[in-house]
1. Using alpha-carbon pairs under 8 Å, 6+ residues apart, how would you state the relative contact order of the range 3-127 in percent?
2. Would you order D63, D98 from fewest to most other beta-carbon atoms within 10 Å of each residue's own beta-carbon?
3. Under a straight-distance cross-link criterion of Cα-Cα below 25 Å, which lysines are reachable from K125, leaving out those fewer than 8 residues away in the same chain?
4. Once whole DSSP H runs in the chain are found, which of them have Cα atoms spread over 15 Å or more along the helix axis and a mean Kyte-Doolittle score of at least -0.5?
5. Take each of the peptides 102-111, 64-73, average the number of other beta-carbon atoms within 10 Å over its residues, and list them starting from the highest.
Amino acid sequence: MKILLDTHAAIWWWTESPRLGKRVTDLLAGGETPIYVSAVTALEIAIKFRIGKLLDFGDPAADFPALMASNGFESLPISQSHALAAGLLPGNHRDPFDRLIAAQALSERLTVATCDGEFASFGCKTIW
């Protein structure tokens, strides 16, 4: 299994939040499962920081690369095919960040670490 972290899962791991699911926590701590973080997560974190919703996170521009490296996470760029697939996903879920993460998970055959039930409605495998 290869894991793609939803944005809240990445934030909760990096901030050591008890809200992170036990199965996901165990996978991340184990270090044996390939873990991916989408470029859209970097964008979402930067936006949340800019508008004051992530005051405990630090400076995303300075800290994000170090957090990725220190945890051994792989970066997943957004391709045109990911963007097109996200726009064509069925349903009325309007969050473009979730749609992109779902499209990447489906395209790359990744399991999404999330507590958001919307990902299952897109046909994604999820874990929490």
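All of the numbers you see were taken from the coordinates with simple rules; none came from a lab. The shown structure was predicted, so the numbers you read here are calculated from the model rather than taken from an experiment. Positions of Cβ are backbone-derived with ideal geometry, glycine not excepted, and every protein chain shown enters the neighbour counts.
1. Values: 148 pairs, mean separation 37.8, N = 125.
After rounding, I find 30 percent.
2. Details: D63 14, D98 23.
Starting with the residue having the fewest Cβ neighbours, the order is D63, D98.
3. Once the sequence-local lysines are set aside, what remains near K125 is K2, K22.
4. Details: long enough: 39-50 (17 Å, 1.05); 60-71 (16 Å, 0.39); 96-108 (18 Å, 0.22).
Going by DSSP H runs, the hits are 39-50, 60-71, 96-108.
5. On the way: 102-111: 20.6, 64-73: 14.3.
Top of the packing list down: 102-111, 64-73.
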